[in-house]
1. Filter the stretch 284-299 for residues that are in contact with a Gly (Cβ under 9 Å, 6 or more places away or on another chain) and over 19 Å from residue 222 (Cβ atoms) and give the result.
2. Out of curiosity, is residue 118 among the β-branched types (Val, Ile, Thr) and either outside any helix (DSSP H, G or I) or modelled with pLDDT of 85 or more (or both)?
3. Would you mind finding the one in 145, 137, 102 that is in a helix (DSSP H, G or I), farther than 17 Å from residue 250 by Cβ and at pLDDT 90 or above?
4. Please tell me if residue 270 is crowded, with 20+ Cβ neighbours inside 10 Å and at negative phi.
5. Hey, any hits in the stretch 40-57 for a residue that's modelled with pLDDT of 80 or more, acidic (Asp, Glu), surrounded by fewer than 21 Cβ atoms within 10 Å (Cβ to Cβ) and not in a loop (DSSP other than H, G, I, E, B)?
6. Pairs only if they're at least six apart or on different chains, beta carbon under 6 angstrom, first in the stretch 135-151 and within 13 Å of residue 178 (Cβ to Cβ) and buried (at least 20 other Cβ atoms within 10 Å of the Cβ), second of a type outside the set (Phe, Trp, Tyr) and modelled with pLDDT of 90 or more; list them, first residue then second.
7. Within the stretch 302-312, is even one residue modelled with pLDDT of 85 or more, over 23 Å from residue 264 (Cα atoms) and out of contact with any Lys or Arg (no Cβ under 6 Å at 6 or more places or on another chain)?
Amino acid sequence: MRRVLSLFEPFVLVLLGTLALASLLPVSGRAAEIFGVLTDVGIMLLFFLHGAKLPREAIMDGAKNWRLHLAVLSVTFFVFPLFGLGIAQMPGLTPQIAAGILFLTLLPSTVQSSIAFTAIARGNVAAAVCSASFSNLIGVVLTPLLVSLLMGNIGSAAAPQFSGAAVQTIAFQLLLPFVVGHLLRPVIGGFVTRHKQAVTLVDRGSILLVVYTAFSAAVVDGLWTRISPHTLVILLLVCCGLLAAVIGVTIALGRLLGFARRDAIVLLFCGSKKSLASGVPIAGVLFPVAQVGAIILPLMVFHQIQLIACAFIARRFSLAAEREEEAHGPVFEKVVTNPR
């Protein structure tokens, strides 16, 4: 049992506990309205902290490795959505699950875990910081736009309309806090760095609040009467297949572009991952509260799968690098070329 639990990130276990709590004790009525207001505040605080944590140096230095960053962004916001559109048309998926899978493919990359796995795999950590930061910075604007443009193509009732009110909500709850947080980084950046653990608690607490409120509304609306165990198994298999396909694309693209080993590792880990930290609050802003639970369910499943798979891959890269270093010296600048 301990081995099984060790495969799960502790925060994911807390997320699953929050989902179970919302399923057993969903908030409703007047309490749901209060939680809705708290959720809006939590989303704004979350994006404020995202902006405050974004290193300005990463933005400035990013232009130096533009081919790598463009490759990461292309996989994140072009290849992933193409897979998402294809999967959403598969027979056997409920409209809610299809919409959720497409939504997760439109999200930016993760930051912390992408950088951590790149470091474990002996990749270019500085470039990973830049790529992950760029992805999240662009995703604040691009993800809502892609959701509006693409989710209507699957005939989902969850597809939001990009009305003036929606633009105003996105600007006020996502973009404005993000920009203000980043502009205040010279003032509060030191505080954020010194109190990283407390900031992480606030960050993750905001996500848990959104998840609890969203799943409560979804449960009250009959979520678990529409999603069967059979559907959950299909969702698990689809998420595994999606991750495997994208990892294959990133490896092939790294070889095609002739990236050095360290940069190819960045493309693999930054390009193949999707951000739960950004996805949950973005869904909370874009979709009606009763739909958010079903929308973010595929994201929660995919998030755990990507952590397990990338941890295994990163460790394999690290061991391979150690063996090659022992035999031939440092290999980090080796160019990854197509073996043909």
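The values are calculated or read from the model by the stated rules, or taken from the named source; none is laboratory data. This structure is a prediction, so every number in the text was calculated from the model and none was measured. Cβ atoms come from the backbone with ideal geometry, glycine included; neighbour counts cover every protein chain shown.
1. 284, 299
2. On the way: among the β-branched types (Val, Ile, Thr): yes; either outside any helix (DSSP H, G or I) or modelled with pLDDT of 85 or more (or both): yes.
So residue 118 passes the test.
3. On the way: 145 fails: at pLDDT 90 or above; 137 fails: at pLDDT 90 or above.
Matching residue, one of 145, 137, 102: 102.
4. Numbers: crowded, with 20+ Cβ neighbours inside 10 Å: yes; at negative phi: yes.
So residue 270 fits the description; yes.
5. Yes, because at least one residue in the stretch 40-57 is modelled with pLDDT of 80 or more, acidic (Asp, Glu), surrounded by fewer than 21 Cβ atoms within 10 Å (Cβ to Cβ) and not in a loop (DSSP other than H, G, I, E, B).
6. Once the first residue is within 13 Å of residue 178 (Cβ to Cβ) and buried (at least 20 other Cβ atoms within 10 Å of the Cβ) and sits in the stretch 135-151, its partners that are of a type outside the set (Phe, Trp, Tyr) and modelled with pLDDT of 90 or more give 136/108; 139/108; 143/106; 143/107.
7. Within the stretch 302-312, not a single residue is modelled with pLDDT of 85 or more, over 23 Å from residue 264 (Cα atoms) and out of contact with any Lys or Arg (no Cβ under 6 Å at 6 or more places or on another chain).
Let's see how each residue does on (1) surrounded by fewer than 17 Cβ atoms within 10 Å (Cβ to Cβ); (2) in a helix (DSSP H, G or I):
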{"site": "191", "(1), (2)": "yes, yes"}
{"site": "209", "(1), (2)": "no, yes"}
{"site": "219", "(1), (2)": "no, yes"}
{"site": "233", "(1), (2)": "yes, yes"}
{"site": "240", "(1), (2)": "yes, yes"}
{"site": "247", "(1), (2)": "no, yes"}
{"site": "274", "(1), (2)": "no, no"}
